[in-house]
Amino acid sequence: MTAAPDTDDRQPSSTDPGASDRRSGELIAGRYRLIERIGEGAMGTVYLARHEGLQRQVAVKFLQEEFTGNREIAARFAREAIAAARLQHPNVISVYDSGADELGRCYLVMEYVGAESLRTVMEREGAIPRERALSLARQIAAALDHAHSLGIVHRDIKPENVLVLDVEGVECVKVIDFGIAKVFHPEGPSGPGLTRSGIVLGTPEYMAPEQAAGAEVDQRADIYALGVIAYEMLVGRRPFESDDVMSLLMAHLNATPPPPSTVRPDLGFGPEVDEALAKALAKSPAARPQRAAELVEQLDAALHAPVVVKTPTVPVPPDEPATEPVPPDEPATEPAKTEASKTGAGGRSPALRAWAGLSKSGRILLSAAALALAGGALSLGLRGDPDEAGGRPTLTALPRSPTPVNPEGTGPAEDDDLDDRIDALRDGPEFTVATARQRQAAARSLEALRARSPNDAALAFVLGSIYARDRSTHAQALGSYGDALRLAPGLGARAALVDDVVRIFAASSAHSAAAGELLRGPLAARALDPLVEVLLRGGAGRSRVAALLGEAPFSGRLDPTQRGLIALSEARSCEAKRSVVETLGREGDARAIAPLRRIPIGSGCGFLGLGTCNPCLSAAVPSAIRAIEARSPDAG
């Protein structure tokens, strides 16, 4: 019994003309003009299309051609199209139309939104702050409860099937891909049953125990998957992780999820949070919340239970001493000096030296930027933690300080301070939780400051970081990053910059030329591994990345294992994959083990898991892994 593999037939956040095939330009049903292929997976292929009559963009998903003519699958597809079309909810991708073309290929026409998946958000940002995680979970729950009220179970809830988009400054969610949904009714099934017993549908990392066992499932399987997503958003990792599918399934069936308070003690989770997530991930469906909204309500209450979290004391510049907050009935006392104010210039922290280097107007502008990034919340404020001296509140702040500028505007004052100055503005929670509108406000403030100091590499870098987070400002991101690299070539060693440029290159053909210029030039020394990783993960931009890796300066630097893994990612037939797998086994490089283990083998592939996964690799993959492990004993 093998789980259906994770597919990439969701709507990606951008298009990939390089992946277009002969169907681009084709007119479907006399009204849907296919523009380009934007996603492909085991279930089907997704195209960006234009409704010729309404002149609006839509997404058209076709079943894989291997299923053309299969009456059972056509019947299943028709039922699911009808079910999906019934879902009318702001947090669900709308289904507009379905049918079959002149060759009998089934298709589904859906709402198209340019957005990134929750998976992309979590890979970029790690653990998500509590309020934001609750907002996202609440919207996913609303979508699921709506579907459940209509008798529809998603069966494959995971971050890849949750799109996150900005709607007028508000972060919104759209749940996608009800393609393997199962229609159920409390009174009993309606219509002929098409599910084959013993086939596991879904994604192993998010699979409910009853689903992992191949049993019948209801809406509580979706609630379990939402619990896994909530755990992952808050903790920064899933409750169960393994490269082996069977190990994951057995963990969902038998293992107890590790309490968040023990996995991330630094995040201050109380026992209430442990209890709420344990209930969401209960082995018995009856022990879980019975509605998705109920899960979020319990988690909300748990997260807002009193928890004491220590916060650092903000350093105060020596020329601007701060007074301690004074209760209303107490007279003011002499300003209290911090340790930072007692030291000379040589003893200042990098953040303090940065602040001191700013003019008054520069400080005002950077303060405005910090406020915008924080969503309007004051960076300084009273915390409830008593200080050690007198038990009174201390003046505290989130660990962030503004980016400095050389007063003459001629560039960074000291190269050795550059990383400190960048980190001071970029690495705090205000940067990670900001919405698109807040980021735009912050960028405007920083742009005003940069106009006064155009040669400041730190400002250029931070602006690039902000712009890179929204598709609409990718061009500005590349421009800012290019300026930063020109002013301080050493910034090319920063993984965040390289990853942003690689992501933009893969995400959109509109910016691939500018991003490619940076990757071939100042980032060439660091870009090879991130590019190979993008290619191995698949998705939009894959062919464009493969083409870039075939050019100088990358082609001559690929080692045999990297070349083999790239060939494996591009192989389409089982026989082509087997040749590469056998070569990787002979080479014995441990880096190949994880990609080899990700290759699906056995039952559970194709549409709704009705096909067999890579039948010619059933012996080749285990043999190659054993050969590698024999040559590299520590590889396993």
Worksheet item: For segment 79-90, which residues satisfy the criterion of being closer than 24 Å to Arg31 by Cα and either touching an Asp or Glu at 6+ places or on another chain (Cβ under 7 Å) or open to solvent by 50 Å² or more (accessible area, probe 1.4 Å) (or both)?
Response: Arg79, Ile82, Arg86, Gln88
Item to complete: Can you tell me which residue among Ala287, Ala301, Ala278 is farther than 27 Å from Gln211 by Cβ, open to solvent by 30 Å² or more (accessible area, probe 1.4 Å) and either at pLDDT below 50 or out of contact with any Ser or Thr (no Cβ under 6 Å at 6 or more places or on another chain) (or both)?
Response: Ala301
Practice prompt. Filter segment 52-82 down to the residues that are in a helix (DSSP H, G or I) and among the basic types (Lys, Arg), then identify the one that is farthest from Val95 (Cα to Cα).
Written response: Arg71
Fill in: segment 510-552, subset within 18 Å of the chain's Cα centre (by Cα) and assigned to a helix (DSSP H, G or I), residue surrounded by the fewest Cβ atoms within 10 Å (Cβ to Cβ)
Glu533
Discussion item. Considering only residues that are modelled with pLDDT under 80 and among the hydroxyl-bearing types (Ser, Thr, Tyr), which ones fall in segment 607-628?
Written reply: Thr612
Discussion item. Given the criteria open to solvent by less than 20 Å² (accessible area, probe 1.4 Å) and touching a helix residue (DSSP H, G or I) at 6+ places or on another chain (Cβ under 6 Å), does Val121 qualify?
Written reply: no
Discussion item. Residues that are of a type outside the set (A, V, I, L, M, F, W, C) and open to solvent by 20 Å² or more (accessible area, probe 1.4 Å): does segment 37-44 have at least one?
Written reply: yes
Item to complete: Kindly provide the set of residues from segment 463-509 that are in a loop (DSSP other than H, G, I, E, B) and either under 13 Å from Pro522 (Cβ atoms) or open to solvent by less than 10 Å² (accessible area, probe 1.4 Å) (or both), ordered by number.
Response: Ala468, Ala488, Arg494
Worksheet item: Looking at segment 144-173, which of the residues that are in a helix (DSSP H, G or I) and free of Cβ contacts under 8 Å to residues at least 60 places away in the same chain is most open to solvent (accessible area, probe 1.4 Å)?
Response: Ser149
Discussion item. Can you find, within segment 508-548, the residue that is modelled with the highest pLDDT among those that are in contact with a Pro (Cβ under 8 Å, 6 or more places away or on another chain) and hydrophobic (A, V, I, L, M, F, W, C)?
Written reply: Ala524
Worksheet, complete the sentence: Residues in segment 438-462 that are charged (D, E, K, R), outside any helix (DSSP H, G or I) and open to solvent by 10 Å² or more (accessible area, probe 1.4 Å) total 0
Item to complete: Within segment 90-137, work out how many residues are of a type outside the set (Val, Ile, Thr) and assigned to a helix (DSSP H, G or I).
Response: 14
Fill in: In segment 477-514, the residues that are touching an Asp or Glu at 6+ places or on another chain (Cβ under 9 Å), farther than 21 Å from Ile422 by Cα and among the hydrophobic types (A, V, I, L, M, F, W, C)
Ala506, Ala507
Worksheet entry | In segment 45-66, residue farthest from Ala147 (Cα to Cα) [restricted to those that are open to solvent by 20 Å² or more (accessible area, probe 1.4 Å) and in contact with a helix residue (DSSP H, G or I) (Cβ under 9 Å, 6 or more places away or on another chain)] | Glu66
Discussion item. Please go through segment 553-569 and give me each residue that is in a helix (DSSP H, G or I) and either loosely packed, with under 14 Cβ neighbours inside 10 Å or out of contact with any helix residue (DSSP H, G or I) (no Cβ under 7 Å at 6 or more places or on another chain) (or both), ordered by number.
Written reply: Ser555, Gly556, Arg557, Pro560, Arg563
Worksheet entry | Test: Glu125 is of a type in the set (D, E, K, R) and under 22 Å from Phe178 (Cα atoms) | no
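How many residues are hydroxyl-bearing (Ser, Thr, Tyr) and surrounded by 15 or more Cβ atoms within 10 Å (Cβ to Cβ) when one looks only at segment 228-256?
Number satisfying all stated conditions: 2.
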Discussion item. Give all pairs with beta carbons closer than 9 Å in which a residue from segment 67-80 that is among the charged types (D, E, K, R) meets a residue that is in a helix (DSSP H, G or I) and open to solvent by less than 40 Å² (accessible area, probe 1.4 Å); count only pairs at least 6 apart in sequence or on separate chains.
Written reply: Arg76/Phe607; Arg76/Leu608; Glu80/Leu608
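The values are calculated or read from the model by the stated rules, or taken from the named source; none is laboratory data. Because the structure is predicted, anything quoted here is derived from the model rather than measured. Neighbour counts run over all protein chains shown; Cβ positions are idealised from the backbone, glycine included. Keep in mind that these areas ignore ligands, DNA and RNA; they rest on the heavy atoms of the full protein, side chains included. Shrake-Rupley method; radii C 1.70, N 1.55, O 1.52, S 1.80 Å.
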